[in-house]
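Have a look at the structure below before the remarks.
The values are calculated or read from the model by the stated rules, or taken from the named source; none is laboratory data. All values reported here derive from a predicted model rather than from experimental measurement. Backbone-built Cβ (ideal geometry, glycine too); neighbour counts: all protein chains shown.
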Amino acid sequence: MVDPHADRPVARQLADHYRDLIRGGRLQHGWPLPAERRIGQEHGVGVDTVRAALTILRGEGLVETRARYGSYVRRPERRQVRVPRGSRVEVVMPSPEQRREWDVPEGVAVVLLTHPSGEVEPMPADEVTLTFS
């Protein structure tokens, strides 16, 4: 599965493996991933390599990691958002400070909906479907 002699870095190979499991439905949304140490043992790699693979998956918005709880397959709940006439929509990658303020996982873009009143509503891009009037 993970080939230390391959041209592709081991962390990327491990991320590819878990991405395939998630997209193939073998790891369902909301399910926890095995502990970092266990993943390392199963694949014969160190914890630093596992953490690098999880960083890649978080960057793609597939996995969310919470301190003391571990890593989970993200389950974005999609909702319809109506964009009022005269509003402006912008999609941005938030800064680390904005991620914390808006509670957006790493790797997820943010839709900034600026209402005609000037109020700005940030929304995780993978959780919304915009409808324009």
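So here's what we get for this one:
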{"item": "Number of positions in the range 17-55 that are over 16 Å from Gly107 (Cα atoms) and without any contact (Cβ under 8 Å) to a residue 40 or more places away in the chain", "result": "21"}
{"item": "Pick from the range 29-57, criterion among the polar types (S, T, N, Q) and modelled with pLDDT of 95 or more, ranking: nearest to Glu77 (Cα to Cα)", "result": "Thr49"}
{"item": "Answer residue from the range 100-110, given it is without any contact (Cβ under 8 Å) to a residue 40 or more places away in the chain and assigned to a loop (DSSP other than H, G, I, E, B) and is farthest from Arg58 (Cα to Cα) among those", "result": "Asp103"}
{"item": "Residue match in the range 61-71 (condition: within 22 Å of Leu130 (Cα to Cα) and modelled with pLDDT under 95)", "result": "yes"}
{"item": "Test: residue in the range 99-108 that is within 17 Å of the chain's Cα centre (by Cα) and of a type in the set (Lys, Arg)", "result": "yes"}
{"item": "Odd one out for Pro122 among (1) within 17 Å of Arg78 (Cβ to Cβ); (2) under 15 Å from the mean Cα position of the chain (by Cα); (3) not in a loop (DSSP other than H, G, I, E, B)", "result": "(2)"}
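Conditions tested, residue by residue: (1) in contact (Cβ under 8 Å) with a residue 12 or more places away in the chain; (2) not assigned by TED's automatic domain parsing to the domain that holds Leu21.
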| position | (1), (2) |
| --- | --- |
| Leu57 | yes, no |
| Glu64 | yes, no |
| Ser87 | yes, yes |
| Val91 | yes, yes |
| Glu97 | no, yes |
| Leu112 | yes, yes |
| Met123 | yes, yes |
